[in-house]
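What follows is a single structure, written as structure tokens, with notes after it.
The values are calculated or read from the model by the stated rules, or taken from the named source; none is laboratory data. Owing to the predicted nature of the structure, the values given are computational and were not obtained by experimental measurement. Every residue, glycine as well, gets a Cβ built from its backbone with ideal geometry; the counts of neighbours run over all protein chains shown.
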Amino acid sequence: MSGTATSERESARTASVTRLRLSAGPLLRPVLCRVVSMVLTRADWPLDRLDEALLVCDALCAPGARDSGGAGSADGSDHIGRKRLTFSIQADEHEAALRVWELTPESAERLVREAHLPLVGNVLEHVAERIAVESDPADAYTRLTLALSAR
Amino acid sequence: MTPDMELALPARAENIAIVRHALGGFADAFAVPESKLADIRLAVTEACANVVVHAYPDDEEGTMEVLASMQDGEMTVRVRDWGRGIRPRPDSPGLGLGLSLIAALAETVQLGHDDAEHTEVRMTFSLHEEPPSMNGHGP
């Protein structure tokens, strides 16, 4: 991948991580949901937990998909300021880590904040075991990590 | 051209299914006809299978990368690896039909390397409707 290519490629080489970079917009949801569902299915996740993980994907994709429909900025970026979003998913039969990369601290917090549904509350906080907004000192970006459990 | 989708994952046979599903999502977003999607999936599956079988030595785990973009009714898919490149392999376990199949299914196929030392199979697929047959109506 371009951008933070070398370090990402190295980490993908040494761990069973699937990385996905997508243009913000209608491509986000169908591709991310399919990739995450395949990774979790292969890790033998139960159907109800798989379903919840897809709710998380929906929540992460909603801002980009919604704003590309005409309300996005002139440069094609979505409302969290990204033209493209980078995800990674790593799973075993017990747990999974879904990460959104190359965010700013503000966009990471906004992604979490806007996952709020009426009557339901915040989908990410309901489903994820742990939510972390992390900055790598070696990287200018922030990443959002969602730890999901198969139990 | 910046790809609309970049997918990087370990070059293992079971991961080809993830690539096929990702292409399904891509096709959903761009309303790619089902018949064309079947061709694209088959060609990309062959290219990925080449990476899994040939790109890396048996004791080395490498990365397989699939990049897809759509422009002017044409879908371009690139399958990359950082392995030993495309070269004759007398001990190949396959029938050697992969690249021929890709060439039959795609409008264009290019094989190559670049400065990043990756091997790349670049395929383009036209999504324009083919004109109706003129059988029996020609000059």
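Taken as a whole, segment B:94-108 holds at least one residue that is at pLDDT 95 or above, of a type in the set (Val, Ile, Thr) and either touching a Gly at 6+ places or on another chain (Cβ under 6 Å) or surrounded by 12 or more Cβ atoms within 10 Å (Cβ to Cβ) (or both). Taking the listed residues A:Arg99, A:Arg49, the one that is at negative phi, surrounded by 15 or more Cβ atoms within 10 Å (Cβ to Cβ), at pLDDT 90 or above and in a helix (DSSP H, G or I) is A:Arg49, with no other qualifying. Residue count for segment B:1-28 satisfying the condition of being assigned to a helix (DSSP H, G or I) and either at positive phi or within 8 Å of another protein chain (Cβ to nearest Cβ) (or both): 10. Quick one: A:Ala65 ticks every box in (1) modelled with pLDDT under 60; (2) in contact with a Leu (Cβ under 6 Å, 6 or more places away or on another chain); (3) within 9 Å of chain B (Cβ to nearest Cβ) except a single one, so which number is it? Of the numbered conditions (1) modelled with pLDDT under 60; (2) in contact with a Leu (Cβ under 6 Å, 6 or more places away or on another chain); (3) within 9 Å of chain B (Cβ to nearest Cβ), the odd one out for A:Ala65 is (3).
A single entry from B:Ala49, B:Ala31, B:Ala38 fulfils the requirement of being surrounded by fewer than 23 Cβ atoms within 10 Å (Cβ to Cβ), within 11 Å of chain A (Cβ to nearest Cβ) and among the hydrophobic types (A, V, I, L, M, F, W, C): B:Ala31. Scanning segment A:105-122 for residues that are acidic (Asp, Glu) and outside any helix (DSSP H, G or I) returns a single hit, A:Glu114. Within this structure, B:Ile86 fails the test of being modelled with pLDDT of 70 or more and either surrounded by 12 or more Cβ atoms within 10 Å (Cβ to Cβ) or within 14 Å of B:Val53 (Cβ to Cβ) (or both). In segment A:120-140, the residues that are without any contact (Cβ under 8 Å) to a residue 24 or more places away in the chain form Cβ pairs under 7 Å with partners that are in a strand (DSSP E or B) and among the charged types (D, E, K, R), at six or more places apart or across chains, as follows: A:Glu134/A:Arg143. Residues being part of a strand (DSSP E or B), at pLDDT 90 or above and crowded, with 21+ Cβ neighbours inside 10 Å are represented in segment A:123-145 by at least one member.
For segment A:14-51, a residue qualifies if it is under 24 Å from A:Glu93 (Cα atoms), basic (Lys, Arg) and facing another protein chain (nearest Cβ under 7 Å), and the qualifying residues are A:Arg19, A:Arg34, A:Arg42. In segment B:52-72, how many are surrounded by fewer than 20 Cβ atoms within 10 Å (Cβ to Cβ) and part of a strand (DSSP E or B)? Of the residues in segment B:52-72, 2 are surrounded by fewer than 20 Cβ atoms within 10 Å (Cβ to Cβ) and part of a strand (DSSP E or B).
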